[in-house]
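Scroll down for the structure; my scribbles are underneath it.
A short reminder: the numbers here are calculations on the coordinates, not readings from a lab. Since this is a predicted model, take the numbers as computed values, not measurements. Neighbour counts are summed over all protein chains in view; Cβ atoms, including those assigned to glycine, are modelled from backbone coordinates with ideal geometry.
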Amino acid sequence: MKKKVIDIIPPEGYFSPFQEKGSESVSKITSQPPIEKKSGSGGWFLFFVLLFILAGAFCYFNLSKADIIVWPKTEPVELGTKLTVDINTQAANVAEKVIPGQIFEKEKTTTERFPATGKLLKEKKAEGLIAIYNETTAAQTLAANTRFVSTEGKLFRIQKAVTVPGGKYEKGKIVPGEVSSKVIADQPGPDFNIPPSTFSIPGFAGSDKYTKFYAKSFTAMEGGVLEQSSQVTEKDLEDAKEVVTDKAKKECEDSFKNELSTIKTDEGYLFLEKSVETNIVETFSLVNLKAEVDFFDFQGRANSRDFIFKKSDLEKFVKDFILAQYDGDRKIYEESLKIDLATESANYGSGKAVLNLKISGKVYSNSNFNALKEELKGKNLLESKAFLESNPDVEKARVELWPFWVTRIPDDLNKISFNLNFQ
């Protein structure tokens, strides 16, 4: 009986301990990829989802907020009235239409130099002393205006008659008689301011006396002048007064307004530039009429003054005046407020100035808009917007929620901001 031999072939990938390393079967087995084990990635996913939910809940309950913007219904205002600025009033008064004020003033002196246009011919004769000598023994009288001619040919005259005593002989020589006299040049001018000189008497020419009578000066002749000088005329003074008056007023007013601007900026005062009053206090020349000068100074003193008042007093009056026109409770949209002023009259004696006042702006109902926050808690966007715009004092409204997934206004009032908008 034949025996059957059955070969049992192991499944692919089976490793027989009798197979040698490096055989084909081994090669097939080692080339198979390793079996992967399942990881825990599903747990991490669930963790991040939970974290996101918690973060969202935190933001919702802690960071959520609502911004509510309301445009109130406004009413235009156009008013006009007269307002008195009174230096004797202590506070703004709507009933009496008066506000307190002050008179501010400043003085300034202006000096201007002018040329003298008058012309004056200034002339003077030179004069001096001479000693007259007589070399005869007989006295000689010389009449007033007797001429004496210097060696330079300059003619001088004595002013009074003089008697020249006769000479005397001493030791066989004649000692001439002598007398002193004042002489004045025959013509004006500096040419007669001559140094010490010897003089002859032309009236004795042709006679023996011509050589016996002569004169000498021992000091220079002085004072001879012949020149044209400037002189202040009446027209010079009139023209100077006109110029200085205009200049003094302008300089005083400019300086005054500069100081007013400083007061306005630093101390909160207002003034009306067109109501500034400037007057000339006095004008005067520093030289007299007909003064012989080339230039002269003329001065003018001016005074500027104006009513000033505090900006805060004016604004208080305007606001009180506007609100007094309404029976209901109103508020003023202050950024819309415009005030125009013009001076009607200014009486510095009584200390009062009357101003024409024009006012324009907007008013709105004095509703407690912040109280609406209580009513808005928990409402969604449509509900809150409809609720706000149903209010008779609201023109329109806008509600903004944050973060983006928040759909209702928070219950916490501290997370609701409320703002009015007039633009």
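General observations
- Put simply, when 328-334, 405-411 are sorted by average Cβ atoms within 10 angstrom per residue, most first, you get 405-411, 328-334.
- The relative contact order of the chain, computed from alpha carbon pairs under 8 Å that lie at least 6 residues apart in sequence, is 24 percent.
- Remark: for residue pairs K264/K362; K125/K168; K106/K311; K319/K415; K250/K316; K331/K379, the C-alpha separation exceeds 24 Å in K264/K362; K125/K168; K319/K415; K250/K316; K331/K379.
- Each stretch of four or more DSSP H residues adds -39500 (n - 2.57); spread over every residue of the chain, this sum gives -6500 deg cm²/dmol at 222 nm.
- Between region 106-137 and region 204-224, the alpha-carbon centres lie 28 Å apart.
- Global size of region 288-423 as Cα Rg and Dmax, reported in angstrom: 29.1, 100
- Residue of E375, E253, E112 that the Gaussian network model of the chain assigns the largest fluctuation, springs spanning Cα pairs under 10 Å: E375
- Per-pair calculated FRET efficiency, R0 = 41 Å: L155 and D254 via Cβ, rounded to 0.05: 0.05
- The distance between label points at R147 and K377 comes to 13.4 nm (points 7 Å beyond Cα on the Cα→Cβ vector).
- Taking K235, K124, K316 in turn, the Gaussian network model of the chain (Cα-Cα springs below 10 Å) assigns the largest fluctuation to K124.
- Residues within the reach of a label modelled at N93 (point 7 angstrom out along Cα to beta-carbon, backbone nitrogen below 19 Å), restricted to region 326-347, are 347.
- Karplus (6.51, -1.76, 1.60) ³J(HN,Hα), θ = phi - 60°, over region 244-255, in Hz, Gly and Pro reported as x: 5, 4, 5, 5, 5, 5, 5, 5, 5, 5, 4, 5
- Cα gyration tensor category, rounded, prolate or oblate, for the chain with a/c compared to 1.5: oblate
- Using the Cβ-Cβ distance between N419 and E315 with R0 set to 30 Å, the FRET efficiency from 1/(1 + (r/R0)^6) comes to roughly 0.80.
- Distant-in-sequence amide H partners of V164 (H built 1.01 Å from N, under 5 Å): Q140, T141, L142
- In nm, spacing of pseudo-spin labels at F218 and E335 (7 Å Cα→C-beta vector): 10.4 nm
- Residue pairs, from the table K108/K338; K108/K290; K122/K209, whose Cα atoms sit over 32 Å apart: K108/K338; K122/K209
- Computed extension length for D327-N347: 3.6 nm, one decimal, from 0.36 nm per residue of separation with the Cα-Cα distance subtracted.
- For A116, the residues whose amide H sits under 5 Å from its own are F295, F296, ignoring neighbours fewer than 5 places away on the same chain, with H placed 1.01 Å from N.
- The tail of the calculated P(r) for region 119-229, taken as Cα-Cα distances beyond 16 Å, holds 59 percent of the pairs.
- Of N368, N258, N93, the residue with the greatest mean-square motion in the GNM of the chain, using alpha carbon springs below 10 Å, is N368.
- Highest average first, the peptides 139-151, 342-354 ordered by how many other beta carbon atoms sit within 10 Å of their residues are 139-151, 342-354.
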